[in-house]
Amino acid sequence: MSRNLVRVLAPVLLGVLALVGWEVLVKAGSLPAYLLPAPTQILEQVRAIWDGLIDATVATGTNALVGLVVGSVLAVVAAILAARLDWLDQMVAPLVAAAAVVPIVALAPVLSNMFGATSESPRRVIVGLVVFVPVFLNTLRGLRQVKPVHRDLMRAYAATPWQLTRTVTLPGAIPFVFTGLNIASSLAVIAAVVAEYFGGLQNGIGSRIAGAAAQSGYSRAWAYVVASIALGLLFYGATLLLERLASRRPT
């Protein structure tokens, strides 16, 4: 059996065993079904609310995608400038540290009041702030990994600072950029879902989870949790695919 096949089958087998154990415990009465429904009950709810599930997933996924793209682009640009300008690096560092510890639960209601209850902007701003930190830090680290001999060689060829950045610094930082994106892709979905708990349009996964739980519809709430997991895996898989495409070398 190949190593790649083992890497795929091992987590799948573990997941199947966990679901079977979960089902058995609920059916045996060891877990309260009204709080933690059996996987078969959750699957039935997924089928029953399929259309609403898709609509909520699209709404949350759109917010997560917009925030991820905008936040990542701004993070890469800021990292390039910070790597070039020491004074900017010193100015941005405390701001990034502050952004890293801002709680979503505190920021979401404030932004919702600022932009209005019918705007998706607060959720996208929150996602952008959340993804900015890992992408910025990893990109900046990658930009600083250039070996002095390579930098000196480019300067010997009278390369401009932009040419040095474009031909040496940025290509060397690509793996670090994708490390940040891999982290940020999952965080984007989490941030989008959590931000939906605090006001605004009731059209996303987070809003539907909160509404279902408030009405004691735990099977329905778990169905939306499954949708959020699938969305997070989709985002993570997409970034892995982009990383693989970007790392290809022409033969």
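The values are calculated or read from the model by the stated rules, or taken from the named source; none is laboratory data. None of these values were measured; they are calculated from a predicted model. Cβ placement follows ideal geometry from the backbone for every residue including glycine, while neighbour counts extend to all protein chains displayed.
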Unique match (being surrounded by 15 or more Cβ atoms within 10 Å (Cβ to Cβ) and either of a type in the set (Val, Ile, Thr) or at positive phi (or both)) among Thr62, Thr40: Thr62
Among residues of the range 59-85, those that are among the β-branched types (Val, Ile, Thr) and not in a helix (DSSP H, G or I), counted: 0
Of the residues in the range 10-52, those that are among the aliphatic types (A, V, I, L, M) and modelled with pLDDT under 80 come to Ala10, Leu31, Ala33, Leu35
Hey, does the range 241-248 have a residue that's of a type outside the set (S, T, N, Q), modelled with pLDDT of 90 or more and under 28 Å from Ala78 (Cα atoms)? yes
Could you list all residues from the range 86-129 that are under 17 Å from Phe198 (Cα atoms) and either touching a His at 6+ places or on another chain (Cβ under 9 Å) or in a loop (DSSP other than H, G, I, E, B) (or both)? Val102, Pro103, Gly116, Ala117, Thr118, Ser119, Glu120
Can you pull out the residues in the range 1-58 that are touching a residue at least 60 places away in the same chain (Cβ under 8 Å) and either in contact with a strand residue (DSSP E or B) (Cβ under 9 Å, 6 or more places away or on another chain) or not in a helix (DSSP H, G or I) (or both)? Tyr34, Leu35, Leu36, Pro37, Ile49
A careful count of residues in the range 188-203 that are closer than 13 Å to Leu129 by Cα and crowded, with 22+ Cβ neighbours inside 10 Å gives 5
Residues that are assigned to a helix (DSSP H, G or I), among the basic types (Lys, Arg) and over 25 Å from Ala33 (Cα atoms), drawn from the range 203-251: Arg244
Please go through the range 194-240 and pick out each residue that is basic (Lys, Arg) and either at pLDDT 95 or above or closer than 17 Å to Val58 by Cβ (or both). Arg208
Failed condition for Gly142, given (1) modelled with pLDDT of 90 or more; (2) buried (at least 22 other Cβ atoms within 10 Å of the Cβ): (1)
Of the criteria (1) surrounded by fewer than 19 Cβ atoms within 10 Å (Cβ to Cβ); (2) more than 23 Å from Ala227 (Cβ to Cβ), which one Ala79 fails: (1)
